[in-house]
Amino acid sequence: MTLKQYFIKQEEKQIIGNWIAFGKQDVGDDACQRIEWLIENHLVFVSHDKSGWNTLYKDPADNRLWERIYLQSEMHGGGPPSLLLVNKKRLEEGYGASL
């Protein structure tokens, strides 16, 4: 991926990471690497949710809010990360805040 491809596009609503079996271990796919890059280099931390597992970030490019979650909770560590665009209901339920 080029650097430009790592940034979140306006039409995107989710980035779903997956693990790929590599020998005796699982490694993150391109989406996992992209999520990690976005969190370390672009997105701005806002808050943790009430459970402490999920994290809210703001994209400074367009001020949209994104939540890092772990959709495969049955897996060790919650599975691979995903980034989901946050709607008003989720923001209020998970973070006690409003848009």
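Coordinate-derived values only; no laboratory data. Quick caveat: nothing in here was measured; it's all calculated off a predicted structure. Every residue, glycine as well, gets a Cβ built from its backbone with ideal geometry; the counts of neighbours run over all protein chains shown.
Details
- Spin-label model distance (nm) - Lys4 vs Asn87, 7 Å beyond Cα toward Cβ: 3.2 nm
- Stokes-Einstein translational diffusion, segment 8-64 - Kirkwood Rh over all Cα pairs, 1.002 mPa s, 20 °C, in µm²/s: 166 µm²/s
- Along segment 7-20 the Karplus relation, 6.51 cos²θ - 1.76 cosθ + 1.60 evaluated at θ = phi - 60°, assigns HN-Hα couplings of 5, 7, 7, 4, 7, 6, 10, 7, 10, 9, x, 9, 9, 10 Hz to successive residues, with x for each Gly and Pro.
- Once the Cα gyration tensor of the chain is diagonalised, semi-axes √(5λ) in Å: 23, 18, 10
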